[in-house]
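All remarks here apply to the structure that follows.
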Amino acid sequence: MPLLLLGIAALIISACSTPQAVAEFSATADSGNAPFEVSFILGELADADSFSWDFGDGAGSDELEPTHVYESAGTFVVRLTATRGDSVAVDETVVSVEPGEAGWIVLDGGQDSITSFNTTQYTAIAFDVLGNRIDDPDFKWSVNASAGDISQQGKFTAGTDLGSFRNAITVELERLGTVVTQSKGIEVAKGGLHAFSI
């Protein structure tokens with residue numbers, strides 16, 4: 001009987017002497033533009049038999065100190081799970097990724113044909129090179145002066161010169177040193193009588 005108690009005591013002491021898992025890490029950067037590369041480094045107190053990473057974008061790793069590239073824009077919670085036996089510890093940080101350099105513009109709205117002095121509204125949506133939508137882009141609108149006039153909000157007013165104007169409406173975006181443009185043609189057609197003079 002004393003041997004049995006001695007064995008149980010030894011197991012309890014052994015269990016108590018096993019260090020608990022500790023999760024601690026830092027990131028080389030916590031914000032940037034896509035594609036955004038960041039490395040994760042274990043902290044000095046990190047201690048476990050295994051480490052598991054969740055990068056918050058559907059990807060993960062079992063490497064000790066992984067490097068990950070974020071291609072999607074957004075806010076991601078990075079989670080490190082440290083495990084030793086039944087002991088589990090978790091540490092987290094947040095990585096914010098903005099869209100990268102300009103990729104392309106989708107130009108929509110307006111009309112194919114419009115009569116003099118009438119107006120039509122164009123809209124534009126911008127994406128980075130990886131397909132992330134760019135919020136609040138700083139578009140620059142321009143137009144062939146013979147076709148009419150356009151505001152910096154994309155509202156076009158047809159002029160008095162009639163005809164078909166190829167690539168008359170142009171919208172431009174500069175982002176992170178890259179410039180992209182998109183153009184659209186328009187026809188200014190003969191309309192009703194607006195005024196006459198004698």
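The values are calculated or read from the model by the stated rules, or taken from the named source; none is laboratory data. In this text the structure is predicted, and so the values were computed from the model without any measurement. As a convention, Cβ positions derive from the backbone with ideal geometry for all residues, glycine included, and neighbour counts pool all protein chains shown. All accessible areas refer to the heavy atoms of the entire protein, side chains included, with ligands and DNA or RNA removed. Shrake-Rupley method; radii C 1.70, N 1.55, O 1.52, S 1.80 Å.
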Suppose only helical runs count, i.e. DSSP H with n ≥ 4. What mean residue ellipticity at 222 nm does that imply for the chain under -39500 (n - 2.57) per run, divided by all residues and rounded to the nearest 500 deg cm²/dmol? -2500 deg cm²/dmol
Mind checking which of Ser61, Gly109, Phe76 is farthest towards the positive end of segment 43-148's charge dipole, using Cβ charges of +1 (Lys, Arg) and -1 (Asp, Glu) about the Cα centre? Gly109
Carbon and sulfur atoms account, in whole percent of the 1.4 Å probe accessible area of the chain, for 51 percent
Counting alpha carbon pairs within less than 8 Å and at least 6 residues apart, what relative contact order, in whole percent, applies to segment 52-198? 20 percent
